[in-house]
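One structure below.
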Ligand code: NAD
């Protein structure tokens with residue numbers, strides 16, 4: 001029985017808020033071992049032709065695709081999200097491996113002609129052992145978003161999943177091994193902040209790619225600075241979604257739901273500050289509330305469930321705390337915002353809550369300023385484009401943004417002026433692997449996905465070749 005089968009046997013524990021398994025945090029010795037064996041694998045892997053690496057990665061993608069349903073079930077158990085969403089995560093994961101396998105064989109430098117027949121060329125080389133540290137909201141997908149470009153460039157990766165979702169990264173490691181990567185090329189270490197600290201401080205690590213909150217991201221950067229490790233930081237957000245009165249209302253309403261309630265609202269780039277042009281505010285709210293009330297919450301393994309359980313009791317309490325605070329500060333709850341107990345007895349004890357729409361919000365409220373990371377949408381009216389842009393940009397975050405309008409000039413003007421790493425026009429939360437993803441401001445830097453990510457997992461060496469004689473400059 002492999003890890004996947006063992007955990008599928010344990011199914012139904014997580015959606016009921018019970019413990020799945022004990023994973024023991026890795027200490028210094030295990031971290032040293034993981035980095036040492038990754039380094040040995042890197043020496044072998046980085047010398048292989050890109051096309052050879054591509055073949056192994058394509059095989060890993062094929063295995064993930066073949067086991068998609070099992071891995072998706074496991075991700076539901078791991079995280080609590082609906083099976084429909086988990087399947088999408090697994091599809092995105094194998095697509096990521098396929099995409100970067102395609103790029104592995106194309107990695108190349110440049111040839112530069114110099115006077116007298118001399119020339120220079122650049123070589124795109126791997127960095128070495130890269131560390132990936134993941135958040136708990138997209139456990140398998142984050143492991144693939146980080147490892148696929150890393151491996152395509154010839155690096156090894158030591159990956160630490162969140163201790164709340166420790167399981168599926170191990171499945172990925174099994175799959176890479178089965179596909180034929182050298183032993184140790186993708187190692188998983190388990191643990192929380194202490195293990196993460198050991199990884200970030202380790203002198204044998206060339207790069208840290210981190211996905212998580214802003215406060216942890218700052219610590220990662222500080223630790224990495226000690227040995228000048230490269231860092232990619234994919235951090236939190238409080239993204240604006242701007243809905244103009246000339247929008248296609250049906251799409252804007254669907255977009256607002258997509259921007260707030262996927263994965264129980266635990267999505268970094270969610271558009272949780274929803275600015276609606278005043279003239280259409282009543283009709284927008286009526287539609288949004290009607291549909292939010294109709295969202296099916298419950299057993300995440302059922303096909304028609306759209307919202308499962310939040311990650312932990314502590315996180316549920318934190319999200320509910322934001323709703324209480326919003327009420328105290330004058331917001332009005334139009335629907336949801338309460339702990340929810342599904343009727344199925346087997347789900348009793350799970351961390352469910354009803355999706356919440358808040359009206360009467362103002363820009364200075366806590367629910368509008370801080371990342372909630374739960375299913376809570378704050379809606380605010382606006383009058384003019386200039387005003388809404390100023391308000392939308394008035395934040396230290398800059399992960400994503402969105403705009404709904406039929407006016408194409410306005411759409412592109414707003415996209416240009418929003419201070420965020422992504423702007424969705426007339427849709428929200430679409431992240432195909434071909435498209436770069438990453439933040440502005442305190443939401444981080446560096447990109448994941450797209451061709452550009454190759455630059456974050458490789459370095460350029462310049463080789464200068466003299467074809468003539470060395471200049472007798474010192475005349476001696
Ligand atoms: P977190 O910062 O608490 O933890 C993230 C990871 O860092 C975990 O694996 C954790 O064990 C590890 N960690 C914690 N302290 C550490 C330390 N001192 N040194 C090294 N590692 C440490 O975040 P979380 O609660 O797991 O995830 C939620 C946050 O992640 C939200 O803010 C969300 O917006 C963000 N997020 C961002 C993206 C993105 O792509 N921008 C994607 C998903 C989640």
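List of remarks:
- Scanning segment 213-226 turns up at least one residue that is more than 10 Å from the ligand (Cβ to nearest atom), part of a loop (DSSP other than H, G, I, E, B) and either in contact with a helix residue (DSSP H, G or I) (Cβ under 7 Å, 6 or more places away or on another chain) or within 26 Å of residue 30 (Cα to Cα) (or both).
- The sole residue among 269, 247 that is away from the ligand (no atom under 16 Å from the Cβ), touching a strand residue (DSSP E or B) at 6+ places or on another chain (Cβ under 9 Å), not assigned by TED's automatic domain parsing to the domain that holds residue 32 and not in a helix (DSSP H, G or I) is 247.
- Any hit, segment 448-462, residues being free of Cβ contacts under 8 Å to residues at least 40 places away in the same chain and outside the structural domain of residue 230 (by TED's automatic domain parsing): no
- Qualifying residue in segment 416-434 (condition: over 19 Å from residue 244 (Cβ atoms), in the same structural domain as residue 359 (by TED's automatic domain parsing) and not in a loop (DSSP other than H, G, I, E, B)): no
- Screening the candidates 468, 446, 421 for the property of being at pLDDT 95 or above and surrounded by fewer than 13 Cβ atoms within 10 Å (Cβ to Cβ) yields one hit, 468.
- Considering 319, 267, 323, 276, the condition of being in contact with a helix residue (DSSP H, G or I) (Cβ under 7 Å, 6 or more places away or on another chain) and either buried (at least 21 other Cβ atoms within 10 Å of the Cβ) or in contact (Cβ under 8 Å) with a residue 12 or more places away in the chain (or both) is satisfied by 276 alone.
- Filter pass, residue 320 being more than 29 Å from residue 244 (Cα to Cα) and not in a loop (DSSP other than H, G, I, E, B): yes
- Single match in 195, 263 (criterion: within 14 Å of the ligand (Cβ to nearest atom), assigned by TED's automatic domain parsing to the domain that holds residue 84 and either in contact with a strand residue (DSSP E or B) (Cβ under 6 Å, 6 or more places away or on another chain) or not in a loop (DSSP other than H, G, I, E, B) (or both)): 195
- Scanning segment 79-89 for any residue that is more than 16 Å from the ligand (Cβ to nearest atom) and more than 22 Å from the chain's Cα centre (by Cα) turns up nothing.
- Count of residues meeting criterion [over 23 Å from residue 391 (Cα atoms) and part of a loop (DSSP other than H, G, I, E, B)] in segment 272-299: 5
Every residue, every condition in (1) in a helix (DSSP H, G or I); (2) modelled with pLDDT under 80; (3) in contact with a strand residue (DSSP E or B) (Cβ under 6 Å, 6 or more places away or on another chain), yes or no:
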| residue | (1), (2), (3) |
| --- | --- |
| 11 | no, yes, no |
| 24 | no, no, no |
| 29 | yes, no, no |
| 37 | yes, no, no |
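The values are calculated or read from the model by the stated rules, or taken from the named source; none is laboratory data. Model, not experiment: these values are computed from the prediction. Positions of Cβ are backbone-derived with ideal geometry, glycine not excepted, and every protein chain shown enters the neighbour counts.
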